[in-house]
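Trainee: Sharing a structure with you now.
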Amino acid sequence: MWQNIRKRKTLLVIEQSFTPFSIFAPIPFFCLTLFFISTKFTEISIDKVYILLLGVLISLFSSGASCFWNHTNDLEEDAKNKKKTLISENIISHKEAVIISIFIYLISIILVVYASIFLNRPIIIYFLIWAIITWWYSDNIFLKKITGIRLKTHYLGELLTYGVAYPAYTMSIWLIFSDSLIKGLVLSLIFLCFGMAVVLLKDLKDIKGDREAGLKTFGVIFLPSKLIKGACIFLVLYFTLLVITIQEGFFNFNSFLILIPFLYLIKNTYIPFHRKKWILDIGANKNIKAMIFSTYSSLLILGVVNFI
């Protein structure tokens, strides 16, 4: 019986670690894309597969750590937004959640230390930057008491976190697969634009609860129309940078196929919202889904065409 309870708790911890769904987990789209960009099909070997598995493990554990830690600290916000979590449902205690969060972060750091030594690359430097900023972003227990600041509660803190975390994380995962710092920096700039779009959109569904909790997030301070417009502009910049870097030879010529999801974004998201003056209406969900589809398909295309 106790084994069944423990097994159920473990499965629920894993589920919550990968909620919400992202490009990082539970399917590591981001990690796979960077691997495929760095490696040709003809170069595949046992060593390459081993390094890919190491990268996937780091991606899953690190993403799970930041996500679970975020849920662990969001007790008030989750209550306001009526979200069901392991803590709110009394499946685990808050103390257990803190211990689990620390444990998952430590596993990801240990894996990165191993990768840094094994590959002789400065992966750990960039990863620690990511780990510190994501921990501080959610932390309502330790660092908040020391600094008096929880980055998540203010849009400037959100901007700082995403502005640092996306480039640092991109460099961390990229350096597992390649030693090209220049290409890593280019990819970091590209995915920074992607991250800025994410931070503008992520609070839209939690506006009411965040306002009741006294937060000053992007969703509370700015009109939804401003956030949608800003996210679309950053995604247009994301695609534009991809096109420029393809033209400059950072990716192979077939990478121009990303123009298909780019045009799809323009046709099904940017133009419809522009015509509606960026107002969220009944049809907005369809336009936002088109935005998500275009970005995921761009990752798929970029990875596949550079791999084969």
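Trainee: Please specify each residue of region 20-38 satisfying the condition of being among the polar types (S, T, N, Q) and at pLDDT below 95.
Mentor: Correct list: 22 only.
Trainee: I'd like to know if region 125-137 contains one or more residues that are of a type in the set (Gly, Ala, Ser), assigned to a helix (DSSP H, G or I) and in contact with a helix residue (DSSP H, G or I) (Cβ under 6 Å, 6 or more places away or on another chain).
Mentor: No, there is no match, as no residue in region 125-137 is of a type in the set (Gly, Ala, Ser), assigned to a helix (DSSP H, G or I) and in contact with a helix residue (DSSP H, G or I) (Cβ under 6 Å, 6 or more places away or on another chain).
Trainee: Can you list the helices (runs of 4 or more DSSP H) found entirely within region 1-104 that contain at least 3 residues being surrounded by 15 or more Cβ atoms within 10 Å (Cβ to Cβ) and among the β-branched types (Val, Ile, Thr)?
Mentor: The helices (runs of 4 or more DSSP H) meeting that bar are 46-73.
Trainee: Assess whether residue 234 counts as being assigned to a loop (DSSP other than H, G, I, E, B), closer than 30 Å to residue 182 by Cβ and either in contact with a strand residue (DSSP E or B) (Cβ under 9 Å, 6 or more places away or on another chain) or not assigned by TED's automatic domain parsing to the domain that holds residue 190 (or both).
Mentor: Considered against the rule, which asks whether it is assigned to a loop (DSSP other than H, G, I, E, B), closer than 30 Å to residue 182 by Cβ and either in contact with a strand residue (DSSP E or B) (Cβ under 9 Å, 6 or more places away or on another chain) or not assigned by TED's automatic domain parsing to the domain that holds residue 190 (or both), residue 234 comes out as no.
Trainee: What residue, of 187, 201, is closer than 24 Å to residue 292 by Cα, buried (at least 23 other Cβ atoms within 10 Å of the Cβ) and assigned by TED's automatic domain parsing to the domain that holds residue 43?
Mentor: The match here is 187.
Trainee: Kindly provide the set of residues from region 171-185 that are touching a Phe, Trp or Tyr at 6+ places or on another chain (Cβ under 6 Å), hydrophobic (A, V, I, L, M, F, W, C) and either under 15 Å from residue 57 (Cα atoms) or touching a residue at least 60 places away in the same chain (Cβ under 8 Å) (or both), ordered by number.
Mentor: 177
Trainee: Report whether or not residue 140 is assigned to a helix (DSSP H, G or I) and closer than 19 Å to residue 203 by Cβ.
Mentor: no
Trainee: Got a sec? Which of 288, 207, 260 is outside any loop (DSSP other than H, G, I, E, B) and assigned by TED's automatic domain parsing to the domain that holds residue 163?
Mentor: 207
Trainee: So is residue 282 over 24 Å from residue 206 (Cβ atoms) and not polar (S, T, N, Q) or not?
Mentor: No.
Trainee: Of these, 40, 83, 48, which one is under 25 Å from residue 205 (Cβ atoms) and assigned by TED's automatic domain parsing to the domain that holds residue 191?
Mentor: Just a single option satisfies the conditions, and that option is 83.
Yes or no, residue by residue, for (1) of a type in the set (Lys, Arg); (2) in contact (Cβ under 8 Å) with a residue 40 or more places away in the chain; (3) surrounded by 15 or more Cβ atoms within 10 Å (Cβ to Cβ); (4) touching a Ser or Thr at 6+ places or on another chain (Cβ under 6 Å):
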residue: 208; (1), (2), (3), (4): yes, yes, no, no
residue: 261; (1), (2), (3), (4): no, yes, yes, yes
residue: 265; (1), (2), (3), (4): no, no, yes, yes
residue: 275; (1), (2), (3), (4): yes, no, no, no
residue: 279; (1), (2), (3), (4): no, yes, no, yes
residue: 298; (1), (2), (3), (4): no, yes, yes, no
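Trainee: Go through region 284-308 and give me each residue that's more than 17 Å from residue 194 (Cα to Cα) and either in contact with a Leu (Cβ under 6 Å, 6 or more places away or on another chain) or among the aliphatic types (A, V, I, L, M) (or both).
Mentor: Matches in region 284-308: 284, 304, 305, 308.
Trainee: Which pairs do you get when a residue that is within 18 Å of residue 129 (Cβ to Cβ), found in region 145-160, comes within reach of a residue that is among the basic types (Lys, Arg), reach meaning Cβ atoms under 8 angstrom, with the pair 6+ apart or on two chains?
Mentor: Cβ pairs passing all conditions: 157/150; 158/152.
Trainee: Out of all the residues in region 90-113, is one or more touching a His at 6+ places or on another chain (Cβ under 7 Å) and assigned by TED's automatic domain parsing to the domain that holds residue 50?
Mentor: no
The values are calculated or read from the model by the stated rules, or taken from the named source; none is laboratory data. What you see is a predicted model; the values in this text were computed from it and never measured. Note that each Cβ is placed from the backbone with ideal geometry, even for glycine, and that neighbours are counted across all protein chains shown.
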